[in-house]
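To start, the structure under review is shown below, and the notes come after it.
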Protein chains: 2
Amino acid sequence: MAADEAQVSYEDLALLEDEFEEVDSEIMRKQYELTKPLYTKRATAITKIPSFWALVLEQAPPEIDQFIQPSDSRIFAESLLNLTVTRPELDAGGADASPRSLKIRFEFKENEDFEDTVLEKEFWYRRAKDGWVGLVSEPVKVHWKKGKDLTEGLGDAAIKLWEARKKGGDMLKKEGKEYDEVKKLVEHLQGGASTSFFTWFGWVSGRRWVSAEESAAAQKEYREKIERRKKGEKVEEPEEDEENEEEKFAANDDSDVEVHEAGEELAIGIAEEVWPNAIKFFTQAQEIEEMSDLEFEDDDEEDDDDEAEGEPVDIRALVQDKGKTRKRMSDGPGPSKKAKKAS
Amino acid sequence: MAADEAQVSYEDLALLEDEFEEVDSEIMRKQYELTKPLYTKRATAITKIPSFWALVLEQAPPEIDQFIQPSDSRIFAESLLNLTVTRPELDAGGADASPRSLKIRFEFKENEDFEDTVLEKEFWYRRAKDGWVGLVSEPVKVHWKKGKDLTEGLGDAAIKLWEARKKGGDMLKKEGKEYDEVKKLVEHLQGGASTSFFTWFGWVSGRRWVSAEESAAAQKEYREKIERRKKGEKVEEPEEDEENEEEKFAANDDSDVEVHEAGEELAIGIAEEVWPNAIKFFTQAQEIEEMSDLEFEDDDEEDDDDEAEGEPVDIRALVQDKGKTRKRMSDGPGPSKKAKKAS
């Protein structure tokens, strides 16, 4: 194939990708509209079920579960009252509303760990001027009670850096004591064990913060380019040598001071796995509980296991004992397969 | 909460799950309809690009990639001409058409490995009379040339067992030399390394084969139960003790003779990851290639690396050298992030 022919095909593919994304957005809008009344019904039904969301989160798939530590699970089991995922841009309406922006709201009862009864984090789907697209979010402060901060200072440090940069008017300034503090903490924790789920509330971006203004301008430029390409005009991309590319990347990269390694993946996971499949995950948890009941009955009959004899099943214990529930999920008859989302 | 109240909530949740699934199906139908013309356009655009699908499959996510061995990759790189995913029940139409049934078609050029130029596998979304739902598929024979069978006899054994059972009229008969042969092969291979991607063509079910007739009857019964529940009637589920449950499960379980450990996951992965994201994965592969070009240029300038000096980039080599491409994906500037599906 001649290089020119290949070039034409690649241009075709880029335009096609844009058409696919438009259809995706349309489907997401339709889905949001059609499922909204069902989610309202679900919210009503589960108010009568204690520990619903704590049980759901325990059954979350590994890509989410890996970010929930036992100490986080304890807080969910003791205090989490409700979890809600909405699409703020769709709710606000407007022609350019992105169905990919998210709002994730946790409601807690009064508790010993923090002052907040609501922790709500918004994620905006934005385009940077260099072409990067993804979610960005402002850090949300968790008001930990004394000695309770599971993030070991990381959450508060992220807030301080955010405030300092906002005040300075430069969201990318890589200096100052706030920057150094977060950088040191991030470096320190990367060597150690995974940090608390609550660190996620301090997350900003997988790349760097992108403002609404920058995103709107970049989006406009992108749309214009697409329209020109559709008309068959040749749109030149600026040629870049590798050195410039690297410099530009470094200047646009905030990973040194990003407090959570996978904030976007976790947000999308909660919105697209946990939220739509909550009843399935809850049912799995219930089935595990029933199986535990059966096992305890067996123990009674056979009288060969003093430990479990006649002991009532405590949902809380199940919630906290991850290894146990997980193991039962994978080797018992049926429930994991039955409850699994088939497609 | 009283046990009765809880029971009511659980019934509500089961009904809600049914409503969610209906909406899911509607969305899937809509999506199929809206994307169909785009997939047709894409098929035309990529005919001009050599090795398109081989490159796409190399960039597939780990849950798919883990089932593709280097020897499979070689066949894809040398011979795979086209890959197509369709939804046969939607194409056939009808009120009960499930959007979850799949047809996955691989087209190959004449090659040294097998006689087939088309390998096509259909997956039917079915409900068993015991409530299990999932995909089932008839095994597809790959006509390997002499000494080339990458499945080490497993594919052919699966076909023989299938034919024997079909002839005997009992798809669950756990005896006979065909059953023993497959069981022995499966046991043998489970101890060893993962088998070829092509073994997947012999896959039948994650549980057991379910015929169209059984599924239609089970589906009818299920719909009736749902309708009665919606009217507020109390629908009794048969009480089962654990022993019966286990016996029933064993009788309905064909895992002893299932030749592929994750046939359903792989089919859904190809249909819902590889197929819709093919252009993204291809672009990733292209960007890796470009980065290799740049590296070679560097080598020229610095003249410190005889090995790579002036060497042209061979896509084939890239395709086959997984470790290398994967590593570059995760540590280079940008491409993996840029090309990633954001939501």
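We did not get these values from a lab; they are worked out from the coordinates using the rules stated. Given the structure is predicted, the values throughout are model-derived calculations rather than measurements. Heads up, the Cβs are rebuilt from the backbone with ideal geometry, glycines too, and the neighbour counts pull from every protein chain shown.
With no solvent and one point per C-alpha, what does the Debye sum give as log10 I(q)/I(0) for region A:87-233 at q = 0.09, 0.13 Å⁻¹?
-0.37, -0.71
If I histogram all Cα-Cα distances within region A:4-54 using bins 5 Å wide from 0, what percent of pairs lands in each bin?
P(r) over region A:4-54, rounded to whole percents: 5, 17, 11, 12, 11, 9, 9, 8, 6, 5, 4, 3, 1.
Check which residues have an amide H placed less than 5 Å from A:His143's amide H, if you skip close sequence neighbours.
Sorted by chain and number, the residues that satisfy this are A:Glu115, A:Asp116.
Using only alpha carbon positions, build the gyration tensor of region B:10-277, then give the equivalent ellipsoid semi-axes as the square roots of 5 times its eigenvalues, largest first, whole angstrom.
34, 27, 15
Which distances, in nm and shortest first, link the A:Lys248 label point to the same label point in every other copy, taking 7 Å along Cα→Cβ?
Copy-to-copy label distances at A:Lys248, shortest first: 6.3 nm.
Once the label point is placed 7 Å from Cα along Cβ, list for B:Glu236 the distances to the corresponding points in the other copies, in nm, shortest first.
Result for B:Glu236, in nm, nearest copy first: 8.1.
A:Asp130 label points, 7 Å along Cα→Cβ, one per copy: pairwise distances from this copy to the rest in nm, shortest first?
Taking the point 7 Å beyond Cα along Cα→Cβ, the inter-copy spacings are 5.6 nm.
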